[in-house]
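> Submitted below is the structure of interest, expressed as structure tokens.
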Amino acid sequence: MSQRIVIVNTGCANISSVRFALERLGVNVEVSAEDKIIKAADKVFFPGVGSASAAMQSINAKQLAPTLQSLTQPVLGVCLGMQLMVASSDESRSGKIDCLGLMPGHVGRLEAKGQRLPHMGWNTVSSARANPLFNGIDDGTYFYFVHSFAVPEYENTLASCQYGQRFSAAIAHNNYFGVQFHPERSGDAGAQLLTNFVNL
């Protein structure tokens, strides 16, 4: 039986690249901002690009926060989508803003220690503990990143990466998963991770 895979249309993401990556894996994908369509999905993708403050404004304008907070099926946040899953972020002109609070955590500016920001390009990812999202993916595998803000390593870290500081490359809490890198731009390793998520 084919699964219902829904990509949340937050209005602040390049949805087509995630959609094409999933379609290459033979997965049927629907893009929606409708509460009942999102809730009826077997798996939900939550992508985002841009700043946390602009994205949260868009999500609140579409009244998507209660929908996302109520989901019980597996949800995968990608890049900014992952950052919006935690409690708060510094990525705002006015200082700290509230995010979706799907799990604990705070997003701060990446302490790149003299390296250029954004952290852009390929970097290695190491699993913090055994987890199904990284099945068949070796420690030290390269994934593609583009970001200036990050969640430091903490108790919800699934995998980490080093760029000036160690930060969360992947996080998880209950049915919510997030990856800081772009699996849809990460070649075979990214395709494997997307497959693992779809097969959860």
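The values are calculated or read from the model by the stated rules, or taken from the named source; none is laboratory data. Since the model is a prediction, treat every value here as computed from it, not as a measurement. Cβ atoms come from the backbone with ideal geometry, glycine included; neighbour counts cover every protein chain shown. Just the protein is used for accessible areas: all its heavy atoms, side chains included, with ligands, DNA and RNA removed. Shrake-Rupley method; radii C 1.70, N 1.55, O 1.52, S 1.80 Å.
> Out of 170, 112, I need the residue that is surrounded by 14 or more Cβ atoms within 10 Å (Cβ to Cβ) and in a loop (DSSP other than H, G, I, E, B). Which one?
112
> Now for a separate question. Are there any pairs with C-beta distances below 6 angstrom linking a residue in segment 101-121 that is among the polar types (S, T, N, Q) to a residue that is outside any strand (DSSP E or B) and open to solvent by less than 90 Å² (accessible area, probe 1.4 Å), with the two at least 6 apart or on different chains, and if so which?
Sorted first by the residue in segment 101-121, then by its partner, the pairs are 115/164.
> Quick check: is even one residue across segment 175-188 in contact (Cβ under 8 Å) with a residue 40 or more places away in the chain, farther than 18 Å from residue 52 by Cβ and among the aliphatic types (A, V, I, L, M)?
no
> Filter segment 86-109 down to the residues that are surrounded by 15 or more Cβ atoms within 10 Å (Cβ to Cβ), of a type in the set (Gly, Ala, Ser) and over 17 Å from the mean Cα position of the chain (by Cα) and list them by number.
Correct list: 92 only.
> Need the failing condition index for residue 130 against (1) of a type in the set (Gly, Ala, Ser); (2) outside any strand (DSSP E or B); (3) at pLDDT 95 or above, just the number.
(3)
> Can you tell me which residue in segment 177-200 is nearest to residue 25 (Cα to Cα), limited to those that are in contact with a helix residue (DSSP H, G or I) (Cβ under 9 Å, 6 or more places away or on another chain) and either in a strand (DSSP E or B) or open to solvent by 30 Å² or more (accessible area, probe 1.4 Å) (or both)?
191
> Looking for something modelled with pLDDT of 95 or more, touching a Leu at 6+ places or on another chain (Cβ under 6 Å) and surrounded by 17 or more Cβ atoms within 10 Å (Cβ to Cβ) - is there at least one such residue anywhere in segment 74-82?
yes
> Filtering segment 42-70 down to residues that are among the aliphatic types (A, V, I, L, M) and open to solvent by less than 10 Å² (accessible area, probe 1.4 Å), which residue is nearest to residue 8 (Cα to Cα)?
This residue is 44.
> Residue 13 fails exactly one of the following numbered conditions: (1) open to solvent by less than 10 Å² (accessible area, probe 1.4 Å); (2) within 15 Å of the chain's Cα centre (by Cα); (3) hydrophobic (A, V, I, L, M, F, W, C). What is the number of that condition?
Result: residue 13 fails condition (1) only.
> Restricting to segment 140-163, name every residue that is open to solvent by less than 30 Å² (accessible area, probe 1.4 Å), over 13 Å from residue 112 (Cβ atoms) and of a type outside the set (S, T, N, Q).
If the condition is that a residue be open to solvent by less than 30 Å² (accessible area, probe 1.4 Å), over 13 Å from residue 112 (Cβ atoms) and of a type outside the set (S, T, N, Q), then 143, 151, 158, 159 are the ones that fit.
> Let me ask you something else. Note down all Cβ pairs under 6 Å where the first residue falls in segment 34-45 and is over 11 Å from residue 4 (Cβ atoms), the second is modelled with pLDDT of 95 or more and of a type in the set (D, E, K, R), and they're at least six residues apart or on different chains.
Listed by first residue and then by second, the contacts come to nothing, as the list is empty.
> While we're looking at this one, here's another question. Restricting attention to segment 10-33, which residues are touching a residue at least 12 places away in the same chain (Cβ under 8 Å), farther than 20 Å from residue 55 by Cα and part of a helix (DSSP H, G or I)?
The answer is 20, 21, 22, 24.
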